[in-house]
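Enquirer: Sharing a structure, written as structure tokens. Questions coming.
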Amino acid sequence: MKMIRFVGVFTACAILLGTFTSCASNLKYSGSALPEYAYDETAPSLYEEFADYFNVGAAINPSDLVEGTEQYNIITKQFNVFTMENDTKPDHVHPSEDTYNFTNTDKFVEYGEKNGKILRGHTLVWHSQCPDWFFYDDEGNEVTADVLVERLKEHITTIVSHYKGKIDTWDVVNEVLDDNFGLRLSNWLKIIGDYDGDGDKYDFIEIAFRTAHEADPDARLIINDYSLETSENKAITMYNMVKQMLEEGVPVDGVGLQMHIGYDTDIEQARNNIEILAKLREVNPDFVIEITELDMSCYSWGDESTEIELTKEFVQQFDDKYCELFNMLMDFAEQGIIDTVVFWGYNDGASWLNGFPVANRTNHPLLIDRDLKFKSAYWALMNLPSQRQTAD
Ligand code: G3I
């Protein structure tokens, strides 16, 4: 609590002084008139501020969709793209072969339609949060490739058809790459394998994309993964796989970079990796890159501590890193490569990073704090578009 209070005081002081960002003077947002609370009706809006560059979104949960609450007002004002953090995953939507549970995602769609938002569906195929029934028969034996392909097609057709014209973008497959080399050895890969006998094992991915496209030809179809921004090896593996699939006519519209990064992430490495993936536009000029799950941990990878002291210096470094990242993303937006940036959550208190990868850890990875106040990182980012336009 002490740390949180410190950050609140620091933010307030910074606002009063108008000196919280290293991003130069002539700030559009500065001084004592700035709203402190994220739900202040007079507060500006992230997605409106970045409208010339990209959509700005957040992952949310059903509890955020209660009209009239601060949470509802914040998300509606700040973001124009939304993903359900957990409720559209296979274990929620399709817990057993004959059961589909659309309740929470239907409410999400209702919210999106009412407020004119862009909606993302996360995710149709994943090795995690995917129930075992897909892979085993009633006797507990592993199913054949034919059976799993049929289940895969039925699963995707039913869900994508249900949301046809309503969910704009699907993370069709999630995290199919291995951390070190090639494809992840999931049940999908193991059982379906080289189904068409053409020598590669991309088949479950290809079937997933083709089936989703048949169910909703207008939906944007994304292949989503983590560490694409930090591991050049993984970015190249993704590039090679998607290039081959595009050349074979598989309807992949873009790559999703989850972007769960740290305050010490090398942004130039991320730029390099995005450039690698952007070369897929040589095969399909409309190919896009989306940032799908952005957050910035306050801990270095491998650091086992559970509390971090939010000193003035640390907060400055954190805010600068967010500025550096967004400037890089705006460079790609100007080239038409990136059009969507989605945060994984919207306030520190609800982030999955509290507790991962270290149990009971307190983290502060987002732009709004636990008390639903705008952090200095929020204001630093809010000043970037106008600063950039002044510099042009
Ligand atoms: O809802 C149950 C609750 O009833 C139960 O009491 C509680 C006990 O553990 O668990 C609750 O479910 C948890 C769920 O989050 C909702 O809070 C699950 O245990 C927990 O495993 C689940 O974690 C989610 C994780 O995916 C699962 O792998 C995180 O919230 C979610 O942020 C995270 O999201 C993933 C993306 O889908 C893919 N990319 C990485 C990202 C972060 O891991």
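The values are calculated or read from the model by the stated rules, or taken from the named source; none is laboratory data. From a predicted model like this one, the values you see are computed outputs, not experimental measurements. Every residue, glycine as well, gets a Cβ built from its backbone with ideal geometry; the counts of neighbours run over all protein chains shown. Surface areas here come from the heavy atoms of the whole protein model, side chains and all, with no ligands, DNA or RNA. Shrake-Rupley method; radii C 1.70, N 1.55, O 1.52, S 1.80 Å.
Enquirer: Quick check: net charge around Ala278, other residues with Cβ under 13 Å of its Cβ, Lys/Arg +1 and Asp/Glu -1?
Expert: With Lys, Arg at +1 and Asp, Glu at -1, the net is -4.
Enquirer: Here's another thing I want to ask about it. Could you point to the residue in Phe102, Leu65, Phe50 farthest towards the positive end of the chain's charge dipole, with +1 and -1 charges on the Cβ of Lys/Arg and Asp/Glu respectively?
Expert: So the residue we want is Phe50.
Enquirer: Can you quote the Å³ per residue value for the convex hull of the Cα atoms in the range 30-71, rounded to an integer?
Expert: Convex hull of Cα atoms, per residue: 96 Å³.
Enquirer: Then there is this: What residues qualify as long-range amide H neighbours of Phe343, i.e. H under 5 Å apart, gap of 5 or more or another chain, H built at 1.01 Å from N?
Expert: Gly57, Ala58, Ala59, Leu294
Enquirer: While we're here: How big is Rg to Rh over the chain, alpha-carbon atoms, Rh as the Kirkwood inverse-mean-distance radius? Intermediate values should be presented prior to the final figure.
Expert: Working: Rg = 21.2 Å, Rh = 21.8 Å.
Taking Rh as the inverse mean 1/r over Cα pairs, Rg/Rh reads 0.97.
Enquirer: Measure off 7 Å from each Cα along the Cα-to-Cβ vector at Asp179 and Phe356, then give the distance between these two points in nanometres to one decimal.
Expert: Placing both labels 7 Å beyond Cα along the Cβ direction yields 1.3 nm.
Enquirer: Here's another thing I want to ask about it. Given a cut-off of 19 Å, what percent of all Cα-Cα pairs of the range 211-357 lie beyond it?
Expert: Summing the P(r) of the range 211-357 above 19 Å gives 55 percent of all pairs.
Enquirer: What FRET efficiency do you get for Asp264 and Gln129 if R0 is 35 Å and r is their Cβ-Cβ distance, rounded to the nearest 0.05? Before the final figure, lay out each step's value.
Expert: Working: r = 29 Å, r/R0 = 0.83.
So the FRET efficiency works out to roughly 0.75.
Enquirer: Taking loop as defined by DSSP and a crowding limit of 16 other beta carbons within 10 Å, which chymotrypsin sites (Phe, Trp or Tyr not before Pro) in the range 202-309 fit?
Expert: Here the chymotrypsin sites (Phe, Trp or Tyr not before Pro) that fit, given the DSSP loop and packing criteria, are Trp301.
Enquirer: Let me ask something else. Which percent, nearest 5, of DSSP beta bridges in the chain are antiparallel?
Expert: Just about 10 percent of them are antiparallel.
Enquirer: Would you mind calculating the gained length between Asp303 and Thr42 on full extension (0.36 nm times residue separation, minus the Cα-Cα distance), in nm to one decimal?
Expert: On the way: separation 261, 0.36 × 261 = 93.96 nm, distance 3.93 nm.
Between Asp303 and Thr42, full extension yields an extra 90.0 nm.
Enquirer: For every helix of n ≥ 4 consecutive DSSP H residues, a contribution of -39,500 (n - 2.57) applies; sum these over the chain, divide by its total residues, and give [θ] at 222 nm rounded to the nearest 500 deg cm²/dmol.
Expert: About -11500 deg cm²/dmol.
Enquirer: Still on this model: Compute the accessible area per residue over the chain, keeping the other protein chains in place, probe 1.4 Å, unit Å².
Expert: Here the residues of the chain average 41 Å² of exposed surface.
Enquirer: Ignoring ligands, DNA and RNA, please state the percent of accessible area on the chain from carbon and sulfur, probe 1.4 Å.
Expert: Carbon and sulfur atoms account for 47 percent of the accessible area of the chain.
Enquirer: Given Cα pairs under 8 Å that are at least 6 residues apart, what percent is the relative contact order of the chain?
Expert: So the answer I get is 19 percent.
Enquirer: To the nearest 20 Debye, how big is the dipole of the range 259-314 about its Cα centre, given +1 on the beta carbon of each Lys and Arg and -1 on that of each Asp and Glu?
Expert: The calculation lands at about 340 debye.
Enquirer: What is the pair-distance distribution P(r) of the range 22-144, computed from all Cα-Cα distances in 5 Å bins starting at 0, with each bin given as a whole percent?
Expert: Result, from short to long distances: 2, 10, 15, 17, 14, 11, 9, 7, 5, 4, 2, 2, 1, 0 percent.
Enquirer: Moving on. Taking the range 234-331, which GluC sites (Glu not before Pro) meet the DSSP loop condition and have no more than 14 other C-beta atoms within 10 Å?
Expert: When the GluC sites (Glu not before Pro) of the range 234-331 are filtered for loop state and at most 14 Cβ neighbours within 10 Å, Glu248, Glu304, Glu307, Glu309 remain.
Enquirer: Next up: Hey, what did the range 80-227 get for relative contact order, percent, Cα under 8 Å, at least 6 apart?
Expert: Relative contact order comes out at 25 percent.
Enquirer: Evaluate 2.2 N^0.38 Å with N set to the residue count of the range 40-105, then give the Cα radius of gyration divided by it.
Expert: 1.38
Enquirer: Using only alpha carbon positions, build the gyration tensor of the range 134-292, then give the equivalent ellipsoid semi-axes as the square roots of 5 times its eigenvalues, largest first, whole angstrom.
Expert: 27, 19, 15
Enquirer: May I pose another question? Roughly what % antiparallel, to the nearest 5, for the DSSP beta bridges in the range 74-184?
Expert: Expressed as a percentage, antiparallel bridges in the range 74-184 total about 30.
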